[in-house]
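Here the structure comes first, spelled out in C-alpha cells, and everything after it is commentary.
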Amino acid sequence: MFDEFEPLVRQLLKQFPGLPAPVLAQKVGWTGSESWFRANVAKLRPDYKPVDPADRLFWLPGDAIQCDLWFPPFKIPLEDGSCVLLPVLVMVCAYSRFVLATMIPSRATEDLLLGMWWLLGQLGAVAHRLLWDNEAGIGRGRLTQAAQLFAGALATKIVLLKPYDPESKGIVERRNRYFETSFMPGRQFVSPADFNDQFTQWLGLANQKIVRTTHARPIDRLEADKALMLPLPPAVFGLGWSNRVRLGRDYYVSIAGNEYSVDPTAIGRFVDVHADLNRVQARLDGRLVGEHDRLWMRGHSLADPAHVAKARLLRAAYQAPRPLAVVDDTLIRDLAVYDQVFGLDEKSA
C-alpha cells in the first residue's frame, strides 16, 4: 500500500528532510495505518537527513576549562520570602574533569565574571582557554567588552563555540545532568548561601570519584592539569558592579537592581559604589560610608539603621528655628578719629 505513495514522500523529504510523519501523511493523502506510515517514513528519512559527524576530542593538561550555566529544578528562597530559579556557574577542567561551581545572583555579565574569578581563585590557576557557548553575558558572536578585558587581565582566551557543536562542551553538560540525578534529589535549601554550602561539600566528594571515561579520579589528575595552566594575577581591575553618583537627599544609591542606604553626611557629594557577589560598599574619597550584604532579589531597598538615625538628627537640626542675629550698633570708635582723618582735629586747625 505504501509503494504508490513512496515517490511523493521522497519528493517531500528531499525538500524538507525534517518534515514530521503526520504532516507527510496529510500532504500525500495517506488514509491507512498511521504506525505503518511512520515506520516506512523512518526507513526513507536517513537517505535525505543531513549527517553531522563529530571528531573525537582529546584534552591536554592545562588547555581548557568548559563553562556553563546550570539552572537547578528547585526554587531558592530569598530575603523577601520569594522563591526564584537562580543560575549556577559550572566550570570543569577538561583534562582532569575537576568540577567547580557556585550559585550566582544573575546571568548578567558582572555576576558571570565575578563568579568565574571566584572559582578560578579556588582553583589557583586558569587554563589557556575558557570555553563558552554564546551565553549573552559573555558574548554572542563576539565577546562583550567586559569579557575581553577579563580575558586580557588573566592572559587567557575566552572561546565562543559555534552553534550545533555540543561535543566541544559535552563534559560540562554531562556534569549538569549528573547534578540533577545525584545532588538534587532529597535536598532542601533555605537560601543561596545554604545551597552553595551544600553543593561545595558535595563536590568535594564528587571530585574524588572515578570518572568512567578517564578511569581516574579528578582530584588525582588535577595537579598535572594545573601544572600547565597559567598563574592568576593578584587582582582584576574593574571587576563587579560599579557606579559613581552624586548622593541625593534620600541618601540611597542604586546598584545591581537594588537600592542601599549611605551615610547621609555625604549628601550632595560624589560617592563610588561597588558590589560583588556578597557585599555592597559605598566610599567617599576612599572612606567607607556604607556597607551592606548584597540582596539577590531585585527592586528592593536596604537601609542601615545607623544611617536612618543620623538622617533623622540632621533633618531635625535643619528644620529647627534659627535664632535671629543680634546686631550690636554701639559705636566703639571715638569720633575724634574721623576728625583726624579728615584733618579737622585741633592740631591740623
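Assess whether SER242 counts as being of a type in the set (Gly, Ala, Ser), farther than 16 Å from HIS307 by Cβ and surrounded by fewer than 21 Cβ atoms within 10 Å (Cβ to Cβ). The answer is yes for SER242.
Within segment 245-257, the set of residues being at pLDDT 95 or above, of a type outside the set (Val, Ile, Thr) and surrounded by 15 or more Cβ atoms within 10 Å (Cβ to Cβ) comprises LEU247, TYR251, TYR252. Scanning segment 218-241 for residues that are aliphatic (A, V, I, L, M) and closer than 19 Å to ALA94 by Cβ gives ILE219, LEU222, ALA224, ALA227, LEU228, MET229, LEU230, LEU232.
Every residue, every condition in (1) buried (at least 18 other Cβ atoms within 10 Å of the Cβ); (2) among the basic types (Lys, Arg), yes or no:
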position: ARG97; (1), (2): yes, yes
position: ARG129; (1), (2): no, yes
position: GLY139; (1), (2): yes, no
position: LEU143; (1), (2): yes, no
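Rundown of residues vs (1) more than 12 Å from the chain's Cα centre (by Cα); (2) of a type outside the set (Asp, Glu); (3) modelled with pLDDT of 95 or more; (4) in the same structural domain as PHE195 (by TED's automatic domain parsing), yes/no style:
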| residue | (1), (2), (3), (4) |
| --- | --- |
| LEU78 | yes, yes, no, yes |
| VAL84 | yes, yes, no, yes |
| ALA101 | yes, yes, yes, yes |
| THR109 | no, yes, yes, yes |
| LEU114 | no, yes, yes, yes |
| TRP117 | no, yes, yes, yes |
| GLY124 | yes, yes, yes, yes |
| ARG129 | yes, yes, yes, yes |
| ASP133 | yes, no, no, yes |
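Residue by residue, here is whether (1) part of a helix (DSSP H, G or I); (2) within 30 Å of THR156 (Cβ to Cβ); (3) among the β-branched types (Val, Ile, Thr) holds:
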| position | (1), (2), (3) |
| --- | --- |
| PRO17 | no, no, no |
| LEU24 | yes, no, no |
| ARG38 | yes, no, no |
| LYS43 | yes, no, no |
| PHE58 | no, yes, no |
| LEU69 | no, yes, no |
| ASP80 | no, no, no |
| SER96 | no, yes, no |
| GLY115 | yes, yes, no |
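Of all residue pairs spaced 6 or more apart or on separate chains, those with beta-carbon atoms under 8 Å, a first member in segment 25-48 that is over 15 Å from GLN11 (Cα atoms) and a second member that is surrounded by fewer than 14 Cβ atoms within 10 Å (Cβ to Cβ) are GLY32/MET1; GLU34/PRO22; TRP36/MET1. At pLDDT 90 or above, touching a His at 6+ places or on another chain (Cβ under 6 Å) and either surrounded by 10 or more Cβ atoms within 10 Å (Cβ to Cβ) or not aliphatic (A, V, I, L, M) (or both), is that true of VAL308? So VAL308 does not fit the description; no.
The values are calculated or read from the model by the stated rules, or taken from the named source; none is laboratory data. Note that this is a predicted model, so its numbers are computed, not measured. Don't worry about glycine lacking a Cβ; one is built from the backbone with ideal geometry, like all the others, and counts go over all protein chains shown.
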